[in-house]
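A short write-up of the structure that comes next.
The values are calculated or read from the model by the stated rules, or taken from the named source; none is laboratory data. All values reported here derive from a predicted model rather than from experimental measurement. FYI the Cβ positions are ideal-geometry reconstructions off the backbone, even for glycines, and counts take in every protein chain you see.
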Amino acid sequence: MKTILLLFAVLLLAMPVRSSAQADTEVTPRLGTVYVFRSRDDDGGTYYLTYQTRTLAHLKSGTYTVLHLPEGRQYLLADPSAEQIYGFTVVAGAEQYVQVVTSGNLLRRRPGLEDSTAQEFKSLRPRLKEIPVRDASP
């Protein structure tokens with residue numbers, strides 16, 4: 001019995017010790033903030049903002065949503081029917097701005113995403129309604 005206890009104690013001492021700060025940084029991804037918005041002037045129906053095959057938000061004209069995405073290369077779709085995949089690099093701790101735009105004609109509207117600026121978002125922000133993210137986990 002003493003041998004088993006001694007073996008158990010040796011195994012416990014041999015295990016690597018990690019601080020809680022190390023454990024937190026290993027589990028929590030580094031995130032960046034991405035504001036996706038759609039001007040009130042943008043025509044068309046509701047678009048379904050998609051990230052990794054998940055619909056995050058239903059964006060109508062005059063709405064925006066805030067995403068917290070892991071750093072690195074990420075891809076969004078303005079709508080599953082969109083032909084354009086928007087690729088961008090998320091920087092941890094930084095803010096980025098992306099605008100939903102509609103191109104095409106009355107019969108064939110195509111949603112897309114393009115880079116924007118903090119100034120443009122802040123100028124439109126008073127007239128935009130925030131839409132919560134449906135599934136915020138990265």
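Filter the stretch 61-90 for residues that are within 16 Å of LYS129 (Cβ to Cβ) and either modelled with pLDDT under 95 or among the polar types (S, T, N, Q) (or both) and give the result. Listed by number, the residues that qualify are SER61, THR63, THR65.
Here is a yes/no grid of residues against (1) in contact with a Ser or Thr (Cβ under 9 Å, 6 or more places away or on another chain); (2) of a type in the set (Gly, Ala, Ser):
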site	(1), (2)
GLN52	no, no
LYS60	yes, no
GLN74	yes, no
GLU83	no, no
TYR97	yes, no
VAL100	yes, no
GLY104	no, yes
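When each of TYR97, TYR75 is tested for being touching a Phe, Trp or Tyr at 6+ places or on another chain (Cβ under 8 Å) and either closer than 24 Å to PRO126 by Cβ or part of a loop (DSSP other than H, G, I, E, B) (or both), the lone residue that passes is TYR97.
Taken together, the residues in the stretch 58-72 that are part of a loop (DSSP other than H, G, I, E, B) and of a type in the set (A, V, I, L, M) amount to 0. Within the stretch 1-56, the residues that satisfy the criterion of being among the charged types (D, E, K, R), at pLDDT 90 or above, surrounded by 12 or more Cβ atoms within 10 Å (Cβ to Cβ) and outside any strand (DSSP E or B) are ARG30, ARG40. Scanning the stretch 94-113 for residues that are loosely packed, with under 15 Cβ neighbours inside 10 Å and modelled with pLDDT under 95 yields a total of 6. When the stretch 83-117 is filtered for residues that are free of Cβ contacts under 8 Å to residues at least 40 places away in the same chain, within 21 Å of SER61 (Cβ to Cβ) and out of contact with any Lys or Arg (no Cβ under 7 Å at 6 or more places or on another chain), the ones remaining, listed by number, are GLN84, TYR86, ASN105, LEU106, LEU107, ARG108, ARG110, GLY112, GLU114, ASP115, THR117.
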